[in-house]
Amino acid sequence: GGGGLVGGAGGLGGAGTDPLPPSLIYKLSEEYFSRPMLEPMASAWRDSEGVAYAPWSGPVDPHRRGHRIREIEAGIGRCKGLMAPKLREQVFSVETGSECLTSLAFHPYHPLLCVADARGFIKIFNHTDSTCINAFHVTNGASINDPRVLPTQVVFMRQLNELDGPMLLAGSSDGAVRVWRSYTLPSTQRMATALQAVTIHLPPAHGHPTAFEWSPARSHLFAAGGSHPEMVYCWDLQYEMCSNMIPMALGGTTAYVERIVLGHTDPNTLLTVCSDGSVRVFDVRNARQPAMLLQPFKQTPAGVVFEPNHRPGLVVAASEKGELRFLDMRMAAAASPGGSAAPQGGMGDPGAASCVVRTVQAHSKGGVSALVAHPHAPLMATGTTTQVVKVWTDQGDVVGAIRAQSSFLSHKMGPVSCLEFHPYALSLAAGGGDSVCTVYTVDNNPAAKGQGLVGPTSSSSVTGAVSGNSVLSSTSPSMAGPARHAPE
């Protein structure tokens with residue numbers, strides 16, 4: 001009777017009995033235990049025959065790795081060398097075929113854009129010619145036409161392992177995080193790993209929205225939401241285990257995490273944007289209580305970025321009403337005994353006013369839905385539900401604006417819900433409540449001739465007017481002075 005177990009599909013030996021179903025686990029185990037287990041034979045097998053089973057486990061090509069390092073370093077150098085930014089008109093427009101876009105991610109060194117929609121499908125486009133390279137569902141890698149998928153909204157995407165072979169990390173509203181490899185070729189995607197980063201209610205619609213953030217310096221993933229939105233989970237992806245939990249409870253009150261933000265200068269500093277409108281600053285090494293509490297607005301900010309252009313201690317918050325506030329955490333800590341800022345209720349609070357270094361009325365019509373910052377260039381971008389995208393310097397001066405009122409565009413821009421900068425290029429992708437994703441480029445304007453330079457003492461010039469059919473309002477060297485109000 002034992003012979004029926006070999007192969008996982010044989011019968012039990014008795015007449016008329018049903019055969020056992022095929023077992024993928026048995027097949028994989030059979031392959032695994034047929035390999036050499038002891039060194040040095042095991043290493044020799046992995047470097048020779050093992051590469052055929054798992055190409056990603058082969059030795060890294062040092063020449064290819066060196067070439068990628070040089071490409072990335074050159075891209076970072078170009079981004080840091082941006083001195084006179086000028087927003088170019090719409091460069092590329094990609095028809096994704098999705099009803100609503102929820103997350104975007106650029107490939108680090110190929111002209112590829114990863115687009116995710118509300119149904120959970122991830123599509124890879126060459127944004128230079130709008131060609132769809134690959135498309136699959138985030139849960140199981142199924143094709144677009146496969147009905148056997150569970151709808152889940154992808155809310156977060158990041159590139160991992162950029163030097164050796166990029167992998168795509170995708171976090172979704174079901175609380176799960178999945179890592180995909182070989183996703184840039186048609187129908188070759190393979191799930192490298194998956195974990196349930198946060199627990200959720202069933203059905204997931206009854207829980208709180210999930211929030212994720214990735215720390216490349218520490219290989220840590222931070223997640224919140226689901227059935228315990230008052231907790232931030234810290235996952236070590238190298239060991240695929242939860243290494244820490246950060247509670248949001250403070251003084252007997254509990255706030256729910258809406259967003260998670262990390263800085264660039266110190267990987268141990270974590271910011272959480274909470275449902276009570278507060279921005280709580282934590283040291284992940286000792287995160288039992290926040291080290292600082294900021295209250296940029298009375299309501300929950302529509303977006304928060306931390307340390308744009310690697311400026312230490314700077315927090316930029318955007319309100320849904322269209323206001324940008326620049327806060328210096330060092331000023332808040334100095335104004336509070338013991339180095340921790342007390343809870344601040346708003347601009348009327350002396351402590352809150354002391355750490356606000358600049359306020360900009362970014363969108364007079366309000367409706368701000370997204371705020372992002374470039375990781376290496378002095379650039380930020382805001383998007384609104386009124387179909388407006390604006391690019392800013394890290395000083396709060398406007399570089400340019402894109403509006404959906406041009407007769408040149410064959411497609412009218414929809415409400416913006418997601419923005420993403422290329423990590424090593426001066427490109428910005430915008431998506432939202434329709435099927436079109438647009439890509440824009442920021443140039444280093446040589447015509448500025450030293451005026452409007454981006455720097456610590458910058459007073460970049462702006463123009464917020466739109467004349468005729470132009471969809472672009474870009475930096476004008478003839479108008480000096482900082483921008484406090486950018487009309488729409």
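Sticking to Cα atoms, compute the Rg of segment 8-157 to one decimal and its Dmax as the biggest Cα-Cα distance, whole number, in Å.
23.4, 83
Could you rank the peptides 267-275, 50-58, 219-227 by their average count of other C-beta atoms within 10 Å per residue, with the highest value first? Please report the intermediate quantities before stating the final value.
Values: 267-275: 20.8, 50-58: 12.2, 219-227: 22.7.
So the order, starting with the most tightly packed, is 219-227, 267-275, 50-58.
Pop out the carbon and sulfur fraction of the accessible area of segment 173-307 as a percent, whole number, probe 1.4 Å.
51 percent
Once both labels are modelled 7 Å past Cα along the beta-carbon direction, what's the L185-S93 spacing in nm?
3.4 nm
If you consider only alpha-carbon coordinates, what radius of gyration and Dmax does segment 47-90 have, in Å?
18.3, 54
By how many nm would the segment from Q299 to R78 lengthen if fully extended, with 0.36 nm per residue of separation less the alpha-carbon distance?
Roughly 75.8 nm would be gained on extension.
Largest first and in whole Å, give the semi-axes of segment 31-117's equivalent ellipsoid, each being the square root of 5 times a Cα gyration tensor eigenvalue. Show your work: numbers first, answer last.
On the way: eigenvalues 342, 98, 15 Å².
After diagonalising the Cα gyration tensor, the semi-axes are 41, 22, 9 Å.
Under the √(5λ) rule applied to the eigenvalues of the Cα gyration tensor, what semi-axes describe the equivalent ellipsoid of segment 210-262? Give them in Å, descending.
Numbers: eigenvalues 87, 23, 18 Å².
In descending order the semi-axes read 21, 11, 10 Å.
Grab the eigenvalues of the alpha-carbon gyration tensor for segment 95-234, scale each by 5, take roots, and send me the semi-axes largest first in whole angstrom.
24, 18, 12
Working out 0.36 nm times the residue gap between E39 and Q238, then minus their Cα-Cα distance, what length gain in nm do you get to one decimal?
Once the chain is fully extended between E39 and Q238, it gains 69.3 nm.
Order these peptides, 280-293, 382-395, by their mean beta-carbon neighbour count within 10 angstrom, highest first.
382-395, 280-293
Could you pull out the trypsin sites (Lys or Arg not before Pro) across segment 112-154 that fall in loop regions by DSSP (anything but H, G, I, E, B) with no more than 12 other Cβ atoms inside 10 Å?
Hits after loop and neighbour filter: R148.
Using the heavy atoms of the protein chains alone and a 1.4 angstrom probe, what is the accessible area of segment 210-340 per residue in square angstrom?
It amounts to 41 Å² per residue over segment 210-340.
Give the value in nm², to one decimal: projected area of the alpha carbon convex hull of segment 145-210, averaged over all directions.
5.3 nm²
Let me see the pair-distance distribution of segment 258-300: every alpha carbon pair, 10 Å bin width, integer percents in order.
Spelled out per bin, shortest first, that is 31, 55, 14.
Relative to a virtual label point 7 Å from the Cα of S143 in the Cα→beta-carbon direction, which members of segment 154-182 show backbone nitrogen distances below 20 Å?
181-182
Hey, which aspartates and glutamates would be in cross-link range of K298, C-alpha to C-alpha under 20 Å, not counting anything within fewer than 8 residues on its own chain?
Answer for K298, where 20 Å is the Cα cut-off: E230, E258, D276, E320, E323, D328, D349, listed by chain and number.
If I model a spin label at M245 and Q361 as a point 7 Å from the Cα along the Cα→Cβ vector, what separation in nanometres do I get?
Result: 4.7 nm between the two label points.
Taking loop as defined by DSSP and a crowding limit of 12 other beta carbons within 10 Å, which GluC sites (Glu not before Pro) in segment 89-141 fit?
Answer in residue order: E99.
The values are calculated or read from the model by the stated rules, or taken from the named source; none is laboratory data. Keep in mind that what you see is a predicted model, and the values were worked out from it rather than measured. Cβ atoms come from the backbone with ideal geometry, glycine included; neighbour counts cover every protein chain shown. Ligands, DNA and RNA are excluded from the accessible area calculation, which covers all protein heavy atoms including side chains. Shrake-Rupley method; radii C 1.70, N 1.55, O 1.52, S 1.80 Å.
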